[in-house]
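The values are calculated or read from the model by the stated rules, or taken from the named source; none is laboratory data. Every value quoted in this text rests on a predicted model; they were computed, and no experiment measured them. Neighbour counts are summed over all protein chains in view; Cβ atoms, including those assigned to glycine, are modelled from backbone coordinates with ideal geometry.
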Amino acid sequence: MTHTVNDRAEALRDLLERQFQEHTDQLTELTVHSRQPDRDGYDPDTLRRLMDAARQGVADTAQALRRMSEGSYGSCEGCGGDIPLARLEVLPWAQYCVPCQQRR
């Protein structure tokens, strides 16, 4: 079976939507823990770091979904070139091609 670029783009959109939901659910759960007197056993620093990571995940996936809807998904924000599909399959929220990411 041959996968078209559109099939892969749709698969990436599905993956990003699932990741967005997972990060949102995780942030909600962690927020509930943070409001408990004992933070449900979480160390305050660990809880803060987990919440920061979940927030970043929400932001990264939301930005990638926005770029998809605008038609700029897959274009490097540094050089304007294409981000290789293999990179997007590993990091679907990637904003930069590898050379531009390394320069950052």
Considering the range 67-104, residues that are closer than 14 Å to E10 by Cα and exposed (fewer than 15 other Cβ atoms within 10 Å of the Cβ), and then whichever is nearest to the chain's Cα centre (by Cα), we arrive at E89
Single residue of L27, L47, L15 found to be surrounded by 15 or more Cβ atoms within 10 Å (Cβ to Cβ) and closer than 18 Å to L85 by Cα: L15
Can you report the number of residues in the range 35-44 which are on the phi < 0 side of the Ramachandran plot, exposed (fewer than 15 other Cβ atoms within 10 Å of the Cβ) and not charged (D, E, K, R)? 3
In the range 80-104, how many residues are part of a loop (DSSP other than H, G, I, E, B), farther than 17 Å from R18 by Cβ and touching a Ser or Thr at 6+ places or on another chain (Cβ under 8 Å)? 2
Conditions: (1) in contact with a Lys or Arg (Cβ under 9 Å, 6 or more places away or on another chain); (2) within 27 Å of D7 (Cβ to Cβ). C79 meets all but one. Number of the miss? (1)
Out of E17, E77, I need the residue that is outside any helix (DSSP H, G or I) and at pLDDT 90 or above. Which one? E77
Going by what's in this entry, would L27 be described as in a helix (DSSP H, G or I) and either within 14 Å of the chain's Cα centre (by Cα) or modelled with pLDDT of 95 or more (or both)? yes
In this structure, does T61 turn out to be within 17 Å of the chain's Cα centre (by Cα), under 18 Å from L15 (Cβ atoms) and of a type in the set (S, T, N, Q)? yes
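Report yes if A9 is on the phi < 0 side of the Ramachandran plot, touching a residue at least 24 places away in the same chain (Cβ under 8 Å) and of a type outside the set (F, W, Y), otherwise no.
yes
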